[in-house]
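Let me begin by presenting the structure, written as structure tokens, before commenting on it.
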Amino acid sequence: MTDQTTDVPVRLSFRQRLNVPVVTAFGCIVLLLVVGSIYSPNFLSPEYLLQQLKVGAFLGIIATGMMVVILLGQIDLSVPWTVTLGAMMASAATAYGPMGEVAAIPFGILCGLLIGLLNGVAVAYLRIPSMIITLAVNAVAQGLMVAYSGGFSPQDSASPAMKFIGAQSTLGVPHAVVVWIIVGGLAVFLLTRTTFGRAIYGIGNKESAAYLSGVPTQRVVVAAFALCGALAAFGGVLLAGYAGKAAQSMGDAYLLPAIAAVVLGGTSILGGRGSYLGTIAGVILITLLQSILSVMQIAEFGRQIIYGVIIVAMLLLYGRDQKLR
Amino acid sequence: MSEWRFWFNSQRGTLLALAIFILTFAIYLANHPAIVNNGLTVQGVGNVVQTAANKGILLALIAIAQTFVVLTAGIDLSVGMIFVLCNVVASFVVVNNLGAAWGFDLGPVFGPAVGIVLVLLVGIACGAVNGAIVIFGRLQPIVATIATSAVFFGIALWMRPQPGATPEFAKALGKVMLSKVNGVIPASMVFLLIVVVLLWIPYRRSVLGRATYAVGSSEAAAYMSGMPIRSAKFLAYVWSGLFSGLGGLYITFVTSSGQADQAAAGTYTLNSIAAVVLGGVSLFGGRGSAVGAVFGALAFLTIKDLMFVLNVDPLWQPLLQGVILLIAVSIGSARLFQVRNRLELFG
């Protein structure tokens, strides 16, 4: 036994092995649950926790795409209307008879993918800063949806398949949570076990170095933005299934929480560093925080203030930049 | 001769924004129903310009606010919320009888004046909070300002759950600020000119102003050169808060009420980014000017209003606006056409 341990050449220190942001975020989740359970024992019931996971699943899927883009050192501000576009297009396809019902989910995702492709090509090949181009693309997507829907919430309702994965559950387990687990598993595989994932981390650290190492950086960036667009639209499809139909500006409430969840999970907004486990923690943390604040019947203004203060406080704990030397 | 070329090169973005603004505003004037119907009279043009100016100054002030932070290579996503918070505060304190509740009445002249100072102090305080978190907390500006804007919104909502204003609100002052000087020049544009001349130009020429540009160009190089980088960045956020506060003050003159409007805050924040980009301020920092941002804001609003006078179907207006915004900012910021070496792309 002792011989084997001496073979290990480098031993990481306890602090190096410990992922501080992820541990802190999970610690805060436990703390929130403890505080909540003192207020009301219902907070620890499986029904409540599964309900929170279901609400968090929509944010989780959208945040997955956002995380891939943030890992590149970019940002996607077109998420709000990509979510809405995915929901509206999937509902629109449903209106076209039985064939449309089958194609609804893929069609919604495809539309989001196209938006993401547009972002990606502009960022990777035209070299427009992502903050600007995604902002403009968001305006275009909004314009497209306003022109399509006439400024009102469309009458088309979600297809049965969308309702099945968005709203229903089997044996108490909401299908949306299962979908999030599948998406999350694929994301972990993609980020840690494939060359595409390594390339994303590489580009986030230094794009020129990744390029000189033979990574097709421009194609990777386009693919990452396309993935983000597709996942945002998929989140919209699920939301439409959950609510029964699409609505104007249903995606607006997801942009800032998605960024906040990714960053609270320890992913650097400058790119190149971060784990999916952290994003899961960030999503659960934000969902729980919003839920507990509303259950405690704190007025909206108090919720906003506490929400902002907690994000700043947590980031001050572990999200600080290196000191300039 | 060569100095002239340097000046032109550094002001290229501003001049382009000015050109776009003049061109679009000329088309706008030529197609405006009031002028098409009544001919080109001084009175008619004055009215159209006044309406456009009173709308334009709001975005222009917010765009200046955004400029300060963008020059340091940061971004301030809370300008819209500081604007809304100052609007709410102004609806309480810019009154003709300030202090009456505490037994001293400042009267209709000093009352509003002290109220305005209070509103601007709130703006400065918000900017200082942002600056402290970004500089001393060493958080990334984009995340820090997202979080602080939630706090600012909470405070605004706490003060005014419902839109409204106190009955003693200084409406007369608001009317003056939105009127026309000599019956031709809009007072809001005079105000904007005074603000730029009294605040922006001295700032641009001061050591801290130049340090702001230096920090934006290369923070490490500025640090090595012994520039006061911390004070420069902190001051940039404080100025940003002050100008957002001025914007919040002005919208209170327009609406005579205060409203904790989350949607308006988001729109103003996003439009301010579009305006600074149109105005030739580089999001990578260190390039551009507040004057450019003002023209960028005015051009942006004129493009939006152009749809209205050209009788575009209202349903298609958002899409056209989006496409025009997309094209304008893409041309302004695409670096593909400026690089000579492939590796420069990654810079």
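The values are calculated or read from the model by the stated rules, or taken from the named source; none is laboratory data. These figures come from a predicted structure and were not determined experimentally. Glycine gets a Cβ as well: all are built from the backbone with ideal geometry, and neighbour counts include every protein chain shown. Note: areas computed on protein heavy atoms with side chains; ligands, DNA, RNA excluded. Shrake-Rupley method; radii C 1.70, N 1.55, O 1.52, S 1.80 Å.
The numbered conditions (1) part of a helix (DSSP H, G or I); (2) touching a helix residue (DSSP H, G or I) at 6+ places or on another chain (Cβ under 8 Å) are all true for B:Ala113 except (2). Of the residues B:Ala232, B:Ala222, B:Ala236, B:Ala172, the single one that is touching a helix residue (DSSP H, G or I) at 6+ places or on another chain (Cβ under 8 Å) and without any contact (Cβ under 8 Å) to a residue 60 or more places away in the chain is B:Ala222.
The lone criterion from (1) outside any helix (DSSP H, G or I); (2) within 10 Å of chain B (Cβ to nearest Cβ) left unmet by A:Arg273 is number (2). Give the residue that is modelled with the highest pLDDT, with candidates limited to residues of the stretch B:88-102 that are part of a helix (DSSP H, G or I) and open to solvent by 10 Å² or more (accessible area, probe 1.4 Å). Per the stated criteria, the residue is B:Val89.
For the structure I just gave you, tell me whether B:Ala125 is surrounded by fewer than 24 Cβ atoms within 10 Å (Cβ to Cβ), at pLDDT 95 or above and assigned to a helix (DSSP H, G or I). Criteria met by B:Ala125.
Go through the stretch A:224-263 and give me each residue that's assigned to a loop (DSSP other than H, G, I, E, B), surrounded by 24 or more Cβ atoms within 10 Å (Cβ to Cβ) and within 14 Å of chain B (Cβ to nearest Cβ). Explain how you work it out, then say what you get.
Let us first name the residues in the stretch A:224-263 that are assigned to a loop (DSSP other than H, G, I, E, B), namely A:244, A:246-251.
Restricting the remaining residues to those that are surrounded by 24 or more Cβ atoms within 10 Å (Cβ to Cβ) gives A:246, A:251.
Selection gives A:Gly251 alone.
Could we say that A:Ile165 is within 18 Å of A:Phe58 (Cα to Cα), modelled with pLDDT under 85, open to solvent by less than 50 Å² (accessible area, probe 1.4 Å) and out of contact with any Asp or Glu (no Cβ under 7 Å at 6 or more places or on another chain) here? Answer is yes for this residue.
If you check A:Leu135, A:Leu114, A:Leu49, A:Leu126 for being within 11 Å of chain B (Cβ to nearest Cβ) and more than 25 Å from B:Gln140 (Cα to Cα), only one passes: A:Leu126.
Being crowded, with 20+ Cβ neighbours inside 10 Å, within 11 Å of chain B (Cβ to nearest Cβ) and of a type outside the set (Lys, Arg): is that true of A:Gly266 here? So A:Gly266 fails the test. Looking across the stretch A:101-145 at every residue that is at pLDDT below 85, of a type in the set (Val, Ile, Thr) and part of a helix (DSSP H, G or I), the one that is farthest from B:Trp316 (Cα to Cα) is identified as A:Val102. For the stretch A:277-325, the set of residues classified as open to solvent by 50 Å² or more (accessible area, probe 1.4 Å), more than 12 Å from chain B (Cβ to nearest Cβ) and at pLDDT 85 or above consists of A:Leu277 only.
How many of the residues in the stretch B:132-177 are among the aromatic types (Phe, Trp, Tyr), part of a helix (DSSP H, G or I) and more than 30 Å from B:Val95 (Cβ to Cβ)? Walk me through how you get there before you give the answer.
Keep residues of the stretch B:132-177 that are among the aromatic types (Phe, Trp, Tyr), which gives B:136, B:152-153, B:158, B:169.
Pick out the ones that are also part of a helix (DSSP H, G or I) and you get B:152-153, B:158.
Narrowing further to those that are more than 30 Å from B:Val95 (Cβ to Cβ): none.
So the answer is 0.
Identify all residues within the stretch A:146-166 that are of a type in the set (Gly, Ala, Ser), within 7 Å of chain B (Cβ to nearest Cβ) and in a helix (DSSP H, G or I); write none if there are none. Scanning the stretch A:146-166 gives a single hit, A:Ala147.
For the stretch B:321-331, which positions are open to solvent by 40 Å² or more (accessible area, probe 1.4 Å) and more than 7 Å from chain A (Cβ to nearest Cβ)? Lay out the reasoning, then the answer.
Taking the stretch B:321-331 as the starting set, the residues that turn out to be open to solvent by 40 Å² or more (accessible area, probe 1.4 Å) are B:321, B:323-324, B:327, B:331.
Selection gives B:Ile324, B:Ile327, B:Ile331.
Out of the residues in the stretch B:128-164 that are away from chain A (no Cβ under 11 Å) and open to solvent by less than 40 Å² (accessible area, probe 1.4 Å), which is nearest to B:Asp76 (Cα to Cα)? Before you say what the answer is, go through the steps one by one.
Taking the stretch B:128-164 first, the residues away from chain A (no Cβ under 11 Å) are B:128, B:131, B:162-164.
From what is left, the residues that are open to solvent by less than 40 Å² (accessible area, probe 1.4 Å) are B:128, B:131, B:164.
Numbers: B:Ala128: 12, B:Gly131: 10, B:Gly164: 28 Å.
The qualifying residue nearest to B:Asp76 (Cα to Cα) is B:Gly131.
Of all residues in the stretch A:200-216, none are closer than 26 Å to A:Met89 by Cβ, within 17 Å of the chain's Cα centre (by Cα) and not acidic (Asp, Glu). Summed over the stretch B:322-331, the residues that are more than 20 Å from B:Ala19 (Cβ to Cβ) and either in a loop (DSSP other than H, G, I, E, B) or under 22 Å from the mean Cα position of the chain (by Cα) (or both) give a count of 1. Please enumerate the residues belonging to the stretch B:25-80 that are in a helix (DSSP H, G or I), crowded, with 20+ Cβ neighbours inside 10 Å and either on the phi > 0 side of the Ramachandran plot or among the hydroxyl-bearing types (Ser, Thr, Tyr) (or both). Selection gives B:Tyr28, B:Thr67. Screening B:Leu118 with (1) closer than 25 Å to B:Thr269 by Cα; (2) open to solvent by less than 50 Å² (accessible area, probe 1.4 Å) gives one miss only, at (2).
Please determine whether any residue of the stretch B:57-79 is within 13 Å of chain A (Cβ to nearest Cβ), within 18 Å of B:Gly248 (Cα to Cα), among the aromatic types (Phe, Trp, Tyr) and in contact with a helix residue (DSSP H, G or I) (Cβ under 8 Å, 6 or more places away or on another chain). So far as the stretch B:57-79 goes, no, none of its residues is within 13 Å of chain A (Cβ to nearest Cβ), within 18 Å of B:Gly248 (Cα to Cα), among the aromatic types (Phe, Trp, Tyr) and in contact with a helix residue (DSSP H, G or I) (Cβ under 8 Å, 6 or more places away or on another chain).
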